[in-house]
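The values are calculated or read from the model by the stated rules, or taken from the named source; none is laboratory data. These numbers were taken from a predicted model, which means no experiment stands behind them. Positions of Cβ are backbone-derived with ideal geometry, glycine not excepted, and every protein chain shown enters the neighbour counts. Heavy atoms of the whole protein, side chains included, go into the accessibility calculation; ligands, DNA and RNA do not. Shrake-Rupley method; radii C 1.70, N 1.55, O 1.52, S 1.80 Å.
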Amino acid sequence: MSSAAEALSLSLSLAASVPLSLLCARKAGGGNPVEKAAGMAIAFLVCWSFTETSLGLILGAAGLFNPLFAALGHAALFGSGIAWLRSGGKRLKTGTASPQNAIGPSKAPMVIVFLFLAASMRLLWNGLTWPTVEMDSLGYHLPLMIKLIRTGTFSYLNHWEFQEHFPRNWETLGAVLCLAVHRDTVALFPNVIAWCLFGGSIACLSMKAGASPARALAAAFLMLSAPIFVLHMQTMHIDLPFAAYFLAAIYFTLSALESKSMADRICLAMASSMFLGIKSTGLPYAFWLALAAASCAILADPAGLKGLLKARSIPSLGWVALILGTGAFWYAYNLLRFGNPLVGIRISLGGQTVFPGEITMAGLSESTIAHAFDPFRPGDIGLLYGEILRRLSFPFLILLSLAAVHSVSSLAKIRELLRSPRLSIPMVLAFAAFLLYCKTPFSGSYNTGFKGVSSNTGYAFRLGFPFLGLLAVLGALGLERLKAKDPVILFLAVSAFALSLRGEWKIIAATLSFAAAFLASQDGFLERQASFLARNGRRMAWISGLAALTLFFAGYVAADSIRDGNRLKRSYGPAMDFIGKNLKRGEAIAFPVADHSYALFGSDFSHDVRYRPYRPMRDSGMEGIKGWVGALKAEGVSIIGIGPTSSCDSGAAMKTRLDQSPGTLRRIFGNDPGSEPVLYRILD
């Protein structure tokens, strides 16, 4: 498929859920104009990603995950969305807008939104043009996506016994997009959705709690500019999307409690389904969200909570229950297939084992930061502070200080805090999210029982993204308490923009930032643009649409070409290039030793990759390596690949065995299994 054909196929897939998402966005959210616009944006992103993921889950569960049925599903989504959009979505009751925080004369929000979108586009370009090198992404996130595309159903890798049973909503969404082009070009595209949703949710929550639009947007952008978030964009890690949907769920919880809107309740159910289906640690987060919302609603207005459960709400509750099925899918799937919703983890109740598993909760707790960190152990505080400076940098320190200002001020007025869910829920959930992060498995170390802070502790800060997002909300309220002026807010936004970019882009960032700030600050500039758009709305809509479509096609073709060149600069790139040019399409490849099998699939996923370990003790009765190779040949395997592997001994030992079978195998690519795949062809 040519790049232009891939772009066309991708554009049709992206457009399929747009009508339903527009309907949902039009009815959701509330507040001042900026909060309403941001609420509509996050409602659109939540609805779009939910419908695409649900389609992928349905097709994968039915064994029909292929281009034909994906096209039929997308056509059904598009048709139903258009029909419902034309009917006006009359059953989706719109919420009433909250009067607080009417937007003033400040132009700072427009400048920050411009900078945020510019940074998002730059990160999107990086994701399209640079393949990932992160080991978890290459090890099981991407291979699980490719397996789904190749087999048409949910299957397993067999060599990642624990991780491959995790909930896979995020990988399913990525697979739906990659299916359209049958390449990994858009594998990282969903990260940009998560980036925008995370920032938008922080801003909406901040405005809902009382922060001005400029201060809310600045705090959101500042947190997203921390190095750990920027680097996260080049991985398939699921922590940012998990946090993004969790924060979106909090926002729609507050909106639903205030407006009683069916649209807000449906958006809440969609966001909750997504974060529950992305990570199994979403279960305690969902519990705390429900507990905090119910408690605060009862304290503030007991009748308000009862209103959500009145008889006329039963149809909307039915929709909500149906939507939550997407979040429960993986737990039900694992329960029915393996007898345990959390495969591999032993679940006990009252001393009795409810679901068996080799991994105990007690064992997992030894990998948490609560177990690893000891403030009285020499060096732990210094190492932790060093990791904070390295991974989170000054955005975290600034927002932490601002959050402290708000928290101290709020606790002095505890009664007012308890009467207002929009103030109390973010603070309560920030505290809960911090406790959950401290008790999250592998937040302290990858080795259970290890005590002490290390670089792995800093790498695992990503497990605390929900807490960091809520900290940014409290930081925005701290800015509001201090009545920060526009120059301070714009300085924070410009700094965030520069931090989100690299190298020479920092200079360009500063230039564009100050130019945009200067233009937007001129009296009447934005009003003149708005007036022009009002007079030429329909014409500008067509021109903008055609320009965006042209830019999309040209950008995708250019990005795909650049990506092919950049892939060769990755350690696994030459092997993928060799496989694409020298192996027959569809040849089966077995690998006995590897940290990741991603490269063996080829850039277009055309090869059948199988995990076939060589066990000397078991296979010695099969004439050793020759018998093992013979068994592979009998099942149709023609290529054996080893590496890359971080275990030099296992890779080198396997390479030695294969090299000592000259009449059976011939090495056709690679030399060092510690850094690249080494390929052997099985001889006739």
Across region 139-150, the tally of residues that are in contact (Cβ under 8 Å) with a residue 12 or more places away in the chain and either more than 16 Å from the chain's Cα centre (by Cα) or not in a helix (DSSP H, G or I) (or both) stands at 6
Could you tell me which numbered condition Leu291 fails, if it satisfies all but one of (1) assigned to a helix (DSSP H, G or I); (2) touching a residue at least 24 places away in the same chain (Cβ under 8 Å); (3) open to solvent by 10 Å² or more (accessible area, probe 1.4 Å)? (2)
Output the qualifying pairs, or none if there are none: Cβ atoms under 8 angstrom, residues six or more apart or on different chains, first residue in region 355-370 and within 20 Å of His165 (Cα to Cα), second residue part of a helix (DSSP H, G or I). Ser365/His371
For Ala243, state whether it is at pLDDT 95 or above and either part of a helix (DSSP H, G or I) or in contact with a His (Cβ under 9 Å, 6 or more places away or on another chain) (or both). yes
Got at least one residue in region 152-161 being out of contact with any Cys (no Cβ under 7 Å at 6 or more places or on another chain) and part of a helix (DSSP H, G or I)? no
Requiring at least 1 residues that are in contact (Cβ under 8 Å) with a residue 24 or more places away in the chain and either of a type in the set (S, T, N, Q) or open to solvent by 40 Å² or more (accessible area, probe 1.4 Å) (or both), the strands (runs of 3 or more DSSP E) wholly within region 545-642 are 608-611, 637-642
Which pairs do you get when a residue that is buried (at least 20 other Cβ atoms within 10 Å of the Cβ), found in region 420-438, comes within reach of a residue that is among the β-branched types (Val, Ile, Thr) and modelled with pLDDT of 95 or more, reach meaning Cβ atoms under 6 angstrom, with the pair 6+ apart or on two chains? Pro426/Val473
Search region 473-520 for residues being of a type in the set (Asp, Glu) and touching a Ser or Thr at 6+ places or on another chain (Cβ under 8 Å), and hand back the single one that is modelled with the lowest pLDDT. Asp486
Helices (runs of 4 or more DSSP H) completely within region 1-92 that count 3 or more residues being among the aromatic types (Phe, Trp, Tyr): 33-62, 67-87
Between Ala7, Ala28, which is within 20 Å of Cys196 (Cβ to Cβ), open to solvent by less than 20 Å² (accessible area, probe 1.4 Å) and aliphatic (A, V, I, L, M)? Ala28
Name the residues in region 339-352 that are at pLDDT 85 or above and open to solvent by 80 Å² or more (accessible area, probe 1.4 Å), would you? Arg346
Tell me which residues, restricted to region 231-263, are β-branched (Val, Ile, Thr), out of contact with any Lys or Arg (no Cβ under 8 Å at 6 or more places or on another chain) and under 23 Å from Leu128 (Cβ atoms). Thr235
Hey, any hits in region 177-192 for a residue that's modelled with pLDDT under 95, touching a Leu at 6+ places or on another chain (Cβ under 8 Å), of a type outside the set (D, E, K, R) and within 24 Å of Ala290 (Cβ to Cβ)? no
Among the residues listed as Ile146, Ile193, Ile112, the single one being farther than 27 Å from Thr253 by Cβ and either of a type in the set (A, V, I, L, M) or buried (at least 20 other Cβ atoms within 10 Å of the Cβ) (or both): Ile146
When you look at Ser272, is it within 30 Å of Gly210 (Cα to Cα), open to solvent by less than 70 Å² (accessible area, probe 1.4 Å) and either among the acidic types (Asp, Glu) or modelled with pLDDT of 80 or more (or both), yes or no? yes
Qualifying positions in region 400-417 - free of Cβ contacts under 8 Å to residues at least 12 places away in the same chain and either touching a helix residue (DSSP H, G or I) at 6+ places or on another chain (Cβ under 6 Å) or not in a loop (DSSP other than H, G, I, E, B) (or both): Val408, Leu411, Ile414, Arg415, Glu416, Leu417
Scan of region 152-167 for residues that are touching a residue at least 60 places away in the same chain (Cβ under 8 Å) and open to solvent by 20 Å² or more (accessible area, probe 1.4 Å), ordered by number: Thr153, Asn158, His159, Glu161, Phe162, His165, Phe166
Would you pick out the residues in region 120-143 that are under 20 Å from Pro613 (Cα atoms) and open to solvent by less than 10 Å² (accessible area, probe 1.4 Å)? Leu138, Gly139, Pro143
Filtering region 210-240 down to residues that are open to solvent by 10 Å² or more (accessible area, probe 1.4 Å), aliphatic (A, V, I, L, M) and in a helix (DSSP H, G or I) yields Leu217, Ile228, Val230, Leu231
Within region 366-405, track down each residue that is hydroxyl-bearing (Ser, Thr, Tyr) and surrounded by 14 or more Cβ atoms within 10 Å (Cβ to Cβ). Ser367, Thr368, Ser393
Would region 531-544 turn up any residue that is farther than 30 Å from Val678 by Cα, surrounded by fewer than 11 Cβ atoms within 10 Å (Cβ to Cβ), at pLDDT 80 or above and not β-branched (Val, Ile, Thr)? no
